[in-house]
Amino acid sequence: MVSQKVAVITGGTRGIGLGIARKMAEEDCALAIMSRSSEENVRNNLNEIKSFGIPLLYYSGSLADSNCRRTFCDKIMNRFGRIDFLVNNAGVAPKERKDLLEMTEESYNYVIGINLNGTFFLTQKVANIMIREVKENPKIKPKIINISSINSCTISVNRGEYCISKAGISMITQLFAVRLAQWGINVYEIRPGIIQTDMTSVVKDKYNRLIKEGVNPICRWGYPEDIGKAVSVICSGSLDFSTGEVINVDGGFHLRRL
Ligand SMILES: NC(=O)c1ccc[n+]([C@@H]2O[C@H](COP(=O)([O-])OP(=O)(O)OC[C@H]3O[C@@H](n4cnc5c(N)ncnc54)[C@H](OP(=O)(O)O)[C@@H]3O)[C@@H](O)[C@H]2O)c1
């Protein structure tokens with residue numbers, strides 16, 4: 001078993017997930033990262049994380065696939081023997097933004113299959129591992145962190161499937177928070193606003209304009225490191241009497257104004 005705490009980060013190869021991986025590596029966690037890309041295609045970013053001197057396991061597979069989720073967990077337990085933090089970050093936007101009245105079942109199943117179903121069943125699997133760990137060592141305090149979106153409660157009718165998946169993440173957070181509290185396993189939702197990544201690069205001009213017009217009281221883009229810092233606060237144990245909590249990292253976007 002590794003001596004360091006182990007953080008599992010889905011989609012830790014770029015964007016927000018990479019920001020989280022960098023921060024957790026800086027804090028000397030061993031990392032297990034999963035994404036669909038081949039190891040060769042993400043080697044540069046993995047090497048950058050490894051340069052912090054931490055053990056790193058990379059697994060190429062889809063969160064939507066139950067065999068991949070099982071293999072990923074088996075590999076983590078074989079290599080590291082423990083899981084302290086699960087960060088459910090991987091997610092996709094619809095391949096094409098389409099109005100609610102035109103959205104296809106294929107797109108709905110694609111987005112829900114990864115963002116919601118994949119996240120739920122990976123969480124279920126890891127939660128059972130964490131329960132076993134706590135039973136063996138009641139002193140440890142594993143944590144689960146779900147990366148949702150302002151779209152879990154902000155409506156965008158041209159990507160309804162994404163909004164539904166993120167609203168579901170909010171309920172997954174609350175369900176597991178209640179179910180796992182008896183073992184001291186806390187569950188949190190981080191709700192990012194507009195963050196500069198590949199996902200938002202296709203609508204960069206629109207978001208540049210909205211930000212300039214004041215859509216966020218804090219008038220700038222969010223960056224992956226903003227989310228990394230929030231994850232780090234949770235993992236530090238500073239919020240240990242809170243569970244099921246939503247942490248908005250959105251420059252104040254969620255505040256209603258008149
Ligand atoms: N950017 C924003 O403004 C924003 C705002 C709110 C919430 N979020 C949420 O934050 C999370 C990260 O977003 P991002 O902006 O960093 O997106 P991104 O730049 O597109 O990165 C997504 C990551 O998830 C991985 N991934 C996608 N599908 C996967 C699958 N089926 N199995 C395993 N890994 C998969 C990707 O790797 P591969 O492509 O190699 O699989 C990549 O590492 C998502 O859940 C997103 O919904 C983003």
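The values are calculated or read from the model by the stated rules, or taken from the named source; none is laboratory data. Source: prediction; values computed, not measured. All Cβ positions, even for glycine, are placed from backbone atoms using ideal geometry, and neighbour counts span all protein chains on display.
Assorted remarks:
- Summed over region 111-128, the residues that are within 9 Å of the ligand (Cβ to nearest atom) and either polar (S, T, N, Q) or in contact with a Gly (Cβ under 8 Å, 6 or more places away or on another chain) (or both) give a count of 3.
- Against the test of being outside any helix (DSSP H, G or I), at pLDDT 95 or above and in contact with a strand residue (DSSP E or B) (Cβ under 6 Å, 6 or more places away or on another chain), the options ILE190, ILE227, ILE218 yield a single qualifying residue, ILE190.
- Within region 39-79, considering residues that are closer than 25 Å to GLY113 by Cβ and among the charged types (D, E, K, R), the one farthest from the ligand (Cβ to nearest atom): ASP74
- Once region 146-166 is narrowed to residues that are among the hydrophobic types (A, V, I, L, M, F, W, C) and surrounded by fewer than 16 Cβ atoms within 10 Å (Cβ to Cβ), the residue that is nearest to the ligand (Cβ to nearest atom) is CYS153.
- Test: LEU210 is surrounded by fewer than 16 Cβ atoms within 10 Å (Cβ to Cβ) and without any contact (Cβ under 8 Å) to a residue 24 or more places away in the chain: yes
- Residue match in region 55-63 (condition: touching a Ser or Thr at 6+ places or on another chain (Cβ under 7 Å), surrounded by 17 or more Cβ atoms within 10 Å (Cβ to Cβ), in contact (Cβ under 8 Å) with a residue 12 or more places away in the chain and more than 28 Å from ILE164 (Cβ to Cβ)): no
- Where ILE145 falls short, out of the listed (1) touching a residue at least 24 places away in the same chain (Cβ under 8 Å); (2) within 20 Å of GLY19 (Cα to Cα); (3) in a helix (DSSP H, G or I): (3)
- Any chance GLU48 is surrounded by fewer than 23 Cβ atoms within 10 Å (Cβ to Cβ) and more than 23 Å from TYR223 (Cβ to Cβ): no
- Scanning region 36-46 finds no residues that are touching a strand residue (DSSP E or B) at 6+ places or on another chain (Cβ under 8 Å), among the aliphatic types (A, V, I, L, M) and in contact (Cβ under 8 Å) with a residue 40 or more places away in the chain.
- Hey, THR13 under 17 Å from the mean Cα position of the chain (by Cα), farther than 21 Å from ASN186 by Cβ and within 14 Å of the ligand (Cβ to nearest atom) or not: yes
- Count of residues meeting criterion [assigned to a helix (DSSP H, G or I) and either within 9 Å of the ligand (Cβ to nearest atom) or among the hydroxyl-bearing types (Ser, Thr, Tyr) (or both)] in region 193-215: 5
- Of all residues in region 81-110 being assigned to a helix (DSSP H, G or I) and in contact with a Lys or Arg (Cβ under 8 Å, 6 or more places away or on another chain), the one that is farthest from the ligand (Cβ to nearest atom): SER107
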